[in-house]
Amino acid sequence: VESSSSAASKSQSRMEVLKQRKETRMRQQELKEENPESQSLPQGSPWVSKELEGIGRPQRCTGEALQCAMDLASVQENRTSRIFLFTNGCPNLGEGSVVADPAAITKKNPSKKKKKHDTVDGDQMAKSLEFYDTLANLGMEAGIAVDVFCAGSMELGLPAYQALVEPSGGYVVPHSALNSPHLIHNLTFLLHHTYVSRTTTDPEEETRNEEDIEAPKTGGLRRFFKRRQPEEDSTNAGPTEAMDCIVDIRSDSFMVPTHLVGPGELMELYKGKNGLSAVLSNEKAAVADAMELAASKDYPTTDLPSMEALDLSMTRIRFPRYDPLATMSVLVQVDDSIEPEDDHAFFQMTSRFVSQDGKTLITRVSTHRFPVAESVSDFVKNADDEVISVLLGKNAVYRSLHGREETEDTKDKIVAGDTETLEKLAYDAQLDLDATIQRISGSFRLLGLGEKTRNIDLEAGSEKKESSPSALDFAFPPQLSETLRRLYHLRRGALISPGPMQSMDDRAGVRQLFLRFPMEDCLGMMAPKLWSTGHVADAKTAASANTMNPFPAETMALWDGSIIAADQHDVQFVWSGKECESEKPFDAVRKRFKKFLIEKGKGRFPMPEIHMLLDGESMSRRFTTRLAPSHADPPEQQLANFPELSQLSAEALTRIRTRFRFYDASSDASFRKWFWSVSSATHASKDDGMSLCE
């Protein structure tokens, strides 16, 4: 009885509930009238309110922060300084912002809602590029170098940061988070292995002239807003050259450099007394020894070193900083001045840089001699496929950024992230790469018909392949077969391929690294390398699977009963098929593969990120899109190019071939289909493309 009465007291009618709520509101109103000061107190968290209003996103006045940092660095007359910028997004406030003013957007379109994230604006990006470029050049005049470490899930405005680091040869390194071990590794590399090469010269003894350009408003920047310019009749050009990293490339007069790609810039040769090239102080002893040797051979030494000879044989390049990874790739053409007795070509590289303490001027000389090929077939037979892959690849990536003929208008659009221009240039770069492959294939076929040397070439190629010649060997030099496959992966990957494969920030970052990195790193960036367990039938097989078999980087390698390790320089993957997803015993195999990849990437810059993926996950597309779509080829061609497929059952092969239901062969052709289309005489690249060697 007691419990039933209490339950009845708890049940109230709707009118009673509304009456209680009204009384509560009346009491709250009376309290406000008695304490007016309480009305000014916030009723909720101001941070929550701002987030609900869409104006609570982080604000980054990056431009002002950098000017303040350069102001502090210029207080004392230091030889060099370093600035490291750590940011979690794009500049979105003040000078250098790449985001349009929200107030201006609302004024133009009042009905438009405020965004909760930053969106890079093309007009603002163009203005920020000019701002950061000017700021960085002023800093470089005072020996201030800049590097950027950034993270974030939204747009980072990477072209703006690249304009900031380019004058000092710096890096823009994106990270998944700024608290990762990758940041420590990458920062340690830049601190220990790169620096601005400057001598400890007395500023009062240098000739300084102010240029007729507007100085910046910031006090610290005004302090070092002076550019060093030698007087027209000055003969002391040597020390000015010694203040940077200088590389001289000398070759025979019949060797003419035609394409240079890299982080350096061409320099004009300085002249000293009597029109001769200035000799640096640390090289005078070597010059004296060379003149003594010349005199012993009865060579005249009164006009040495000769400016005329240097103009014909030397290319001088200046690098903004000392960086062991900075690489300049050069394409050289043999002109008609070569003589029949020229059976060798000489190349000499002389690098000059200052030690990190600024007290020692270091000179390194490397000389190479190469035999001149007697015929085209002799040249092809001795060609280095890795060097050719990187040289052609860098030229193709450079054209995807700057076009066939770089102009200021095109350059401005590209760095500003003009999507339409970037997509057009990427498509043109693909056509140029196709035209290059077509010309090589056509010349090789004519060479075999005209000189009857195809048997020799095939015999040389079969030593590496250890298999019977295929139809491809009759249409393309077997010695360059790996070059052909690397260029195929390059043209369909993020380095060149148009389309939404990756964000603009990711493409901008990887392109910058590819154009400046040495050959070994570039080879890893062009195409992924795969290692697989092969088909793992059961747990016992998995426990004893200690071998890692190299597999081709194609979709037919995605076996349900296998685990794959993949490496593409800045990113690594461990992928598990559907039959290998359980923890035991396959976790041990995955750990072994992960350890293998860590060892492969040890000491690499930037430190690669490892992704552990399972078949069917949405993130696994980051890996599978990098593989050549060989599942679209006829079954007999698949078995001929990938003999390991014979280990699988017919059902397993069918599952692999039907894995990609939304594949479009017209937009992403397989290697086989692409090559035979490109090598035909009717391909569009014959008329629309331009060879990468032109």
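Tell me which residues, restricted to segment 291-343, are open to solvent by less than 50 Å² (accessible area, probe 1.4 Å), part of a helix (DSSP H, G or I) and out of contact with any strand residue (DSSP E or B) (no Cβ under 6 Å at 6 or more places or on another chain). Once the filter is applied, which keeps residues that are open to solvent by less than 50 Å² (accessible area, probe 1.4 Å), part of a helix (DSSP H, G or I) and out of contact with any strand residue (DSSP E or B) (no Cβ under 6 Å at 6 or more places or on another chain), segment 291-343 yields ALA294, MET307, ALA309, LEU310. Based on what the data block shows, is THR235 touching a Gly at 6+ places or on another chain (Cβ under 6 Å), surrounded by fewer than 17 Cβ atoms within 10 Å (Cβ to Cβ) and either in a loop (DSSP other than H, G, I, E, B) or at pLDDT 75 or above (or both)? Considered against the rule, which asks whether it is touching a Gly at 6+ places or on another chain (Cβ under 6 Å), surrounded by fewer than 17 Cβ atoms within 10 Å (Cβ to Cβ) and either in a loop (DSSP other than H, G, I, E, B) or at pLDDT 75 or above (or both), THR235 comes out as yes. What are the residues in segment 578-618 that are over 30 Å from GLY170 (Cβ atoms), part of a strand (DSSP E or B) and open to solvent by 40 Å² or more (accessible area, probe 1.4 Å), if any? The answer is MET612, LEU614.
For segment 651-694, the set of residues classified as hydrophobic (A, V, I, L, M, F, W, C), open to solvent by less than 70 Å² (accessible area, probe 1.4 Å) and either closer than 20 Å to ALA553 by Cβ or assigned to a helix (DSSP H, G or I) (or both) consists of ALA652, LEU653, ILE656, PHE660, ALA665, ALA669, PHE671, TRP674, PHE675, VAL678, listed by residue number.
Just to check your reading of the model, which residue among GLU459, GLU451, GLU466, GLU520 is modelled with pLDDT under 90 and either touching a Cys at 6+ places or on another chain (Cβ under 8 Å) or more than 27 Å from SER680 (Cα to Cα) (or both)?
Numbers: GLU459 fails: either touching a Cys at 6+ places or on another chain (Cβ under 8 Å) or more than 27 Å from SER680 (Cα to Cα) (or both); GLU451 fails: either touching a Cys at 6+ places or on another chain (Cβ under 8 Å) or more than 27 Å from SER680 (Cα to Cα) (or both); GLU520 fails: modelled with pLDDT under 90.
Answer to the selection: GLU466.
In the condition set (1) in contact with a Lys or Arg (Cβ under 9 Å, 6 or more places away or on another chain); (2) at pLDDT 90 or above, PRO167 is compliant with all but (1). Among the residues of this structure, ALA160 does not count as one that is open to solvent by 10 Å² or more (accessible area, probe 1.4 Å) and either modelled with pLDDT under 95 or part of a loop (DSSP other than H, G, I, E, B) (or both).
Checking the conditions here, which among GLU636, GLU609, GLU617 is in contact (Cβ under 8 Å) with a residue 24 or more places away in the chain and within 29 Å of ASP668 (Cβ to Cβ)? Before the answer, list the steps.
Working: GLU636 fails: in contact (Cβ under 8 Å) with a residue 24 or more places away in the chain; GLU617 fails: in contact (Cβ under 8 Å) with a residue 24 or more places away in the chain.
When all the criteria are applied, what remains is GLU609.
Residue count for segment 337-361 satisfying the condition of being within 27 Å of ALA396 (Cα to Cα) and over 32 Å from the mean Cα position of the chain (by Cα): 1. Taken over segment 120-144, the criterion of being hydrophobic (A, V, I, L, M, F, W, C) and in contact with a Phe, Trp or Tyr (Cβ under 8 Å, 6 or more places away or on another chain) is satisfied by LEU138, ALA142.
The values are calculated or read from the model by the stated rules, or taken from the named source; none is laboratory data. Quick caveat, the model's predicted, so the values are computed rather than measured. Reconstructed Cβ throughout: ideal geometry from the backbone, glycine too, with neighbour counts over all protein chains shown. To get the accessible areas, we keep the full protein, side chains included, count just its heavy atoms, and leave off ligands, DNA and RNA. Shrake-Rupley method; radii C 1.70, N 1.55, O 1.52, S 1.80 Å.
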